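Only one structure is covered here, and it is reproduced in the block below.
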Amino acid sequence: MASRRVYLGLAVLGAVVPYAALAVFISRHGLSLSELAQQAFGSPGATFFALDVVVGGVTVLVAATRDSRLIGRKWAVVAATLLVGPGCGLPLWLALRQTGP
């Protein structure tokens, strides 16, 4: 049960930290998706991190949707991963696996 709490805490952290950075971006540039993409892929280092997040997100989605222990709760992991990111989706998946069906 303690590990479930740790995973849920990490899921919250995985939502708050990226969105805090996004809030700073929006305050400076507005909702400019072109500027966001330009900054995310503007250098080889930034591209490395952006693509790592994409591959990690796809991995979480594939693993969670194939996990038979998540029957009826896969939607939460999919939503967290697509709407927030794998930093939220992965620990949420791990927390849900701790609780059983």
Summed residue charge, Cβ within 13 Å of Val78's Cβ, Lys/Arg positive, Asp/Glu negative: +2
Please report how far the C-alpha centroid of the stretch 1-17 lies from that of the stretch 66-99, rounded to the nearest whole angstrom. 12
What order do you get for Ile71, Ile26 when you list them from fewest to most C-beta neighbours inside 10 Å? Ile71, Ile26
Dipole magnitude (debye, nearest 20) for the chain, charges at Cβ of Lys, Arg, Asp, Glu: 480
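Convex hull volume of the Cα atoms in the chain, per residue, in Å³?
Details: hull volume 9.3 nm³, N = 101.
Roughly 92 Å³ of hull volume per residue.
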Scoring only Lys, Arg, Asp and Glu (+1, +1, -1, -1) among other residues with Cβ under 12 Å from the Cβ of Ala11 yields +2
Output the DSSP H helices from the chain with an along-axis C-alpha extent of no less than 27 Å and a mean Kyte-Doolittle hydropathy no less than 1.0. 2-29, 44-66
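A short reminder: the numbers here are calculations on the coordinates, not readings from a lab. These figures come from a predicted structure and were not determined experimentally. Glycine gets a Cβ as well: all are built from the backbone with ideal geometry, and neighbour counts include every protein chain shown.
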